[in-house]
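Just below is one structure, and these are the notes that go with it.
The values are calculated or read from the model by the stated rules, or taken from the named source; none is laboratory data. Values in this document were obtained by computation on a predicted structure and should not be read as measured data. Cβ coordinates were reconstructed from backbone atoms using ideal geometry, including for glycine residues, and neighbour counts include every protein chain displayed. SASA here: full protein model, heavy atoms, side chains in, ligands and nucleic acids out. Shrake-Rupley method; radii C 1.70, N 1.55, O 1.52, S 1.80 Å.
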Amino acid sequence: MTLHSSKTVSLIGAVALALLLASCGGTATSEDGHGDEIEADHAGEAEGEHAEAEEAKKGEHGGRLLEQGGYAVELAIAEDGTPPKYQAWLYQGDKPLAATAGSVEVRLKRLGDVAENHTLKPQADGSLMASSIVGEPHSFDVEVMAKIDGKDLRWAYPSYEGRTEIAAKVATDAGIRVAPAAPGVIADEHEVQGLLTPVEGRIAKVMARFPGPIRNLRANVGDRVSAGQVLATIESNLSLTNYTVASPISGVVLARDASIGSVANEGMALYEIADLSQLWVDIHVFGADVQHIRPGVPVTVTRMSDGVTAETVLERVLPGTATASQSTVARATIRNLDGLWRPGSAVKAKITVEQQDAPLVVPLAALQDFRDWKVVFVRVGDLYEIRPVELGKRDGTRVEILSGIKPGDQVVVEQSYLVKADIEKSGASHDH
C-alpha cells in the first residue's frame, strides 16, 4: 500500500459551475510496511533516531524496515486471507530473531485525534501479529514502540492515504460544502407522469335562453370573468327585445362557441367557463407500481415548464384503466394560485408510498467511488479524508449509512467529486 501526505491546494480555474483544484507542494510518505517513499524518524526521541528524512527500507517480507541501535522491526499490514492486521518480524542486525525475543505495539492517531492501539503477540510462524483489525482508511500518524532483548525502541512517522488539505477560502470558492451526518428519513418513492384537468363541477356552460341573433359578445378565450358578469346580448325572436346572458360562476373562459351576428338556438352554448383555482392531477400508474398506490399518501407534482412543485395527497384511485395507455389512474388536487398550472399540461408526479426513519443518512451527492469502495469525504479543519461506508436503503435524494461514519461527522455534501479529484491528483493510492 502506498500512501501520500496532505497537499496544499490552489484554485486554478472555473469549469462550468465547479472550480478545479490542483495540488501543490507537500512531501510524500509511505504506508506502514508497504510504502517505498519517505519516512521521517523523529530526532531526540530515542537513541539512534534520525533527524532527517530517509527513504524507507523494506524487509524480506515486504514490510517497512525500522532500524535503530543495531536492532530492527519489519512492520507490515497482513491482508492475505485475513482482515488487515499488523504483523512484525524482529532482527538483530541482519539476523532474524525469535518472536519471543521482544514485543511490539503500534499506536495510531487518526484524523480528529482518534487514538487506536494494536499490540502484537508472538505467532507460531516466527512473526508477531495483532489480533485487532486495522480499519480503513489506513491513514494515520504512526508510533511504533518495541522492546528487543530489553532495549526500548521507538519510531514515529506519518502514513496517510485518501487525504488532502484544502484551504477554507479555496473550498468555499469551489462550492465545496459540508454538513453533519445525522438521522433522516428514507422514502419509498415512485415517479410517474400525470395530466392536469379541470375539477368536475367547476365547469359551466353559458347558454342562450331564447333563439335569436347575437348582438354582442363581451368576453374572449382566456379572459377572467366573475359570477353574474354579462357576457352576451341576444335579440329574442319571440319578444323582439334584447336579453343578456351572464356567467354562472367566476373563472376563465375556456371556449367561445358563438360569433356576433350569428343566430343562437335555444339552449345553445355560447361560452365554456372553468374555475381553475384548483385542478385535478390525473396520475397514470403502470404495472407493479399499482399495488403500492393508495389514497392518502403524499404526492409532489412538478410543473415541467419551470420546475415549480406543489405538495398534495392522493385522493382516490379510479376504477378501471385508461383505455389508450392501459394505466391505472390515481387522482390528486392542487391549488392553482399563480394560474400557471394549465389544464391539458403534462406534469411529473412523485408518490411517496412509505417513509422510514434511518439513524444516519447523507445526500446521494456525498457518495463517490474510490478504488473498490463507496466513500464519503469527512472534513476536519482544512483536511479532507475518505471514509469507506456501508450503505443501506436509499431514495431519490438520500442514502442510509450503516457504518463508516458517525453522527456529527462533517461530510462533504456538495462538490464531493472535486475533493476526490484532488486526492487522485496527489497520486494517493493503496496497493492491497
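Assorted remarks:
- Between T309 and K425, full extension at 0.36 nm per residue minus the direct alpha carbon distance yields a gain of 37.7 nm.
- Once the Cβ-Cβ distance of S239 and R202 is raised to the sixth power relative to R0 = 22 Å, the FRET efficiency obtained is 0.10.
- Cα centroid separation, region 356-388 to region 163-229 (Å): 35
- Of the accessible area of the chain, computed with a 1.4 Å probe over protein heavy atoms only, carbon and sulfur atoms account for 51 percent.
- Applying 0.36 nm per residue to the separation of A182 and A168 and subtracting their alpha-carbon distance, the gain on full extension is 2.8 nm.
- Where N is the number of residues in region 279-356, Cα Rg divided by 2.2 N^0.38 Å: 1.08
- Restricting the calculation to Cα atoms, every distinct pair contributes to the Kirkwood radius of region 373-432, found to be 12.7 Å.
- In sequence order, region 261-266 has phi-based couplings of x, 6, 9, 8, 8, 4 Hz under the Karplus curve 6.51 cos²θ - 1.76 cosθ + 1.60, θ = phi - 60°, and Gly or Pro positions carry x.
- Over region 235-382, the hull volume per residue, using the convex hull of the C-alpha atoms, is 246 Å³.
- Inter-label distance, nm, simple model (7 Å from Cα along the C-beta direction), D372/I133: 1.5
- A Förster radius of 60 Å combined with the Cβ-Cβ distance from D141 to L340 puts the calculated FRET efficiency at roughly 0.55.
- Shown in residue order for region 344-359 are the 3J(HN,Hα) couplings computed by the Karplus curve 6.51 cos²θ - 1.76 cosθ + 1.60 at θ = phi - 60°: x, 7, 7, 9, 9, 10, 10, 9, 8, 7, 8, 10, 10, 6, 10, x Hz (x for Gly and Pro).
- Other residues whose C-beta falls under 11 angstrom from the C-beta of K205 contribute a net charge of -2, scoring Lys and Arg +1 and Asp and Glu -1.
- Available extension along the chain between E60 and A269 is 65.4 nm, counting 0.36 nm per residue and deducting the alpha carbon span.
- In the context of the full set of protein chains, the chain has a per residue accessible area of 47 Å² (1.4 Å probe).
- Evaluated over region 160-294, the Cα radius of gyration and Dmax, each in Å: 28.8, 99
- T333-R394 FRET efficiency (beta carbon distance; Förster radius 41 Å; 0.05 resolution): 0.85
- K109 paired with Q278, simple spin-label distance in nm, labels 7 Å along Cα-to-beta-carbon: 6.6
- All Cα pairs of the chain, percent lying beyond 36 Å: 55
- Rounded to the nearest 10 degrees, the angle from helix 416-425 to the longest Cα principal axis of the chain is 30 degrees.
- A255-V221 pseudo-label distance in nm [points 7 Å out on the Cα-to-Cβ vector]: 1.0
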